[in-house]
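Since the structure comes first, as structure tokens, the remarks are kept for the end.
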Amino acid sequence: MAVPVSQAWTVATYVLKQKMMGRKKYPLVLMLEPLFRCNLACAGCGKIQYPAHILKAELSPEDCFKAVEECGTPMVAIPGGEPLLHPQMPEIVAGLVARKKYVYMCTNALLLKEKLHLFKPSKYLSFSVHVDGQREHHDFSVCREGGYDIAMEGVRVAVEAGFRVTTNTTLFDGADPNSVRAHFDELMVAGVESMMVSPGYTYDKAPDQKHFLGRARSKKLFRSILANRKKTWRFNASPMFMEFLMGKKELTCTPWGMPTFSIFGWQKPCYLLQDGYADTFQELMETVQWQNYGTESGNPQCANCMVHSGYEASGVNYTFGSIKGLLQTAKAIFFSEYKDEHAMKMLNEWKPAVHAPLVQIAAPAKVGELQEVSGD
């Protein structure tokens, strides 16, 4: 299975409980950002463009635990920045595991091999390694030569040590679907538990604004990648979200589905947009004008978004919203190949768009240099 049975059961019972309580707006995954500094400077990232004093700031373990209890979700994702740069990350993870939260600790894996001994394997912990494609494509995406080899070495070492390892792949305009499919094969051979794939979001702060996908191009790309699917591939995503990416399912955004807590507080309205902050989770839920967000709202910031953080919860909600949803999801699980002659033709005839190379951004050459800048 893509996730352990215990995790699937925990999430299913949590969602059904929300339905029985009549809650129309409920969180599914807490996005916990304990810091913003990073040891990479990726061209498509809009999360780390802050002054030095902000990059030095960190959430304490107590801050993290309070946010988790306040939100109440069964799953916690820890993005960043690079979480392994946080000196108390092992303590934070251990505390979340002790609370029986399913933790996805996102990492570019540059430090994973070095710091793996600080963590203990658990069904509640998964290292979610950011790998954006095969070697050349990944290195361009993260603006660091050799980044792919380090990341994949981290994957292999963590798998051999008995850890759950998943991957996160973000695709931009010009991605070669044949290469992406070969990338999936490589990840399965490396022993990853499951994969998550999503189009990139058009961050205003991202240095490279030329390679973000529009909706039509996203659907075409993902249809060519995810149709005629290999049985060996395992994905860590709702089947309905995957169909949404392929253009087979219409979903509306669930901006409250993955609320974000960082050094600034509870981010309004979602993981991707920054329209202010709330002091408490309750304030977040009660004060955001939710009707102003999502593609259907007409908000230009949401126009092209098909990102996992906005639509994964939508797919889960669709599944548990009706008998029809349950049956469609069951069909997608047991008949997951999605044979599609036209998609195969697109795959065979695909000619990636020709663009200038991704923006190359100077990042600290050594981890020690970053720690010196950040004050660690």
> Taking region 124-148 only, how many residues are among the charged types (D, E, K, R) and within 19 Å of the chain's Cα centre (by Cα)?
Replying inline: 2
>> So for region 283-299 (the condition being of a type in the set (V, I, T), within 18 Å of the chain's Cα centre (by Cα) and in a helix (DSSP H, G or I)), does at least one residue qualify?
In response: no
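Could you please find all residues in region 296-311 being open to solvent by 20 Å² or more (accessible area, probe 1.4 Å) and within 18 Å of R223 (Cα to Cα)? Please lay out each step first, then the result.
First, pick out the residues of region 296-311 that are open to solvent by 20 Å² or more (accessible area, probe 1.4 Å): 296-301, 303-304, 308.
Within region 296-311, N304, H308 qualify.
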>> So V97 passes all but one of these: (1) out of contact with any Asp or Glu (no Cβ under 6 Å at 6 or more places or on another chain); (2) among the hydrophobic types (A, V, I, L, M, F, W, C); (3) touching a residue at least 40 places away in the same chain (Cβ under 8 Å). Which condition number does it fail?
In response: (3)
> Hey, any hits in region 256-271 for a residue that's of a type in the set (F, W, Y), open to solvent by less than 20 Å² (accessible area, probe 1.4 Å), closer than 13 Å to Y311 by Cβ and touching an Asp or Glu at 6+ places or on another chain (Cβ under 8 Å)?
Replying inline: no
> With (1) out of contact with any Phe, Trp or Tyr (no Cβ under 8 Å at 6 or more places or on another chain); (2) without any contact (Cβ under 8 Å) to a residue 12 or more places away in the chain as the list, and N299 as the residue in question, which single condition is left unmet?
Replying inline: (1)
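Could you go through region 99-115 and let me know if any residue there is under 20 Å from the mean Cα position of the chain (by Cα) and farther than 19 Å from V155 by Cβ. Quick ask: steps written out before the conclusion?
At the first step, the residues of region 99-115 found to be under 20 Å from the mean Cα position of the chain (by Cα) are 101-112.
Remaining after also requiring farther than 19 Å from V155 by Cβ: 101-102.
Within region 99-115, one or more residues are under 20 Å from the mean Cα position of the chain (by Cα) and farther than 19 Å from V155 by Cβ.
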> Which condition does A332 not pass, out of (1) part of a helix (DSSP H, G or I); (2) in contact with an Asp or Glu (Cβ under 9 Å, 6 or more places away or on another chain); (3) at pLDDT below 90, if it passes all the others?
Replying inline: (3)
>> All but one of (1) open to solvent by 10 Å² or more (accessible area, probe 1.4 Å); (2) in a loop (DSSP other than H, G, I, E, B) hold for G133; state the number of the condition that does not hold.
In response: (1)
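Identify all residues within region 277-295 that are open to solvent by 30 Å² or more (accessible area, probe 1.4 Å), within 27 Å of G44 (Cα to Cα) and of a type outside the set (S, T, Y); write none if there are none. Show your work before the answer.
Of the residues in region 277-295, the ones open to solvent by 30 Å² or more (accessible area, probe 1.4 Å) are 277, 279-280, 282-283, 285-287, 289, 291-293, 295.
Still in the list and also within 27 Å of G44 (Cα to Cα): 277, 292-293, 295.
Result: N292, single match.
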> Checking K19 against (1) farther than 14 Å from F320 by Cα; (2) modelled with pLDDT of 90 or more, which test does it fail?
Replying inline: (1)
>> Exactly one of these conditions fails for I92: (1) in contact with a strand residue (DSSP E or B) (Cβ under 6 Å, 6 or more places away or on another chain); (2) without any contact (Cβ under 8 Å) to a residue 60 or more places away in the chain. Give me its number.
In response: (1)
> In region 146-165, how many residues are outside any helix (DSSP H, G or I) and either crowded, with 23+ Cβ neighbours inside 10 Å or at pLDDT below 90 (or both)?
Replying inline: 2
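The values are calculated or read from the model by the stated rules, or taken from the named source; none is laboratory data. Keep in mind that what you see is a predicted model, and the values were worked out from it rather than measured. Every residue, glycine among them, receives a Cβ derived from its backbone with ideal geometry; neighbour counts consider all protein chains shown. What goes into the accessible areas is simple: the full protein's heavy atoms, side chains included, and nothing from ligands, DNA or RNA. Shrake-Rupley method; radii C 1.70, N 1.55, O 1.52, S 1.80 Å.
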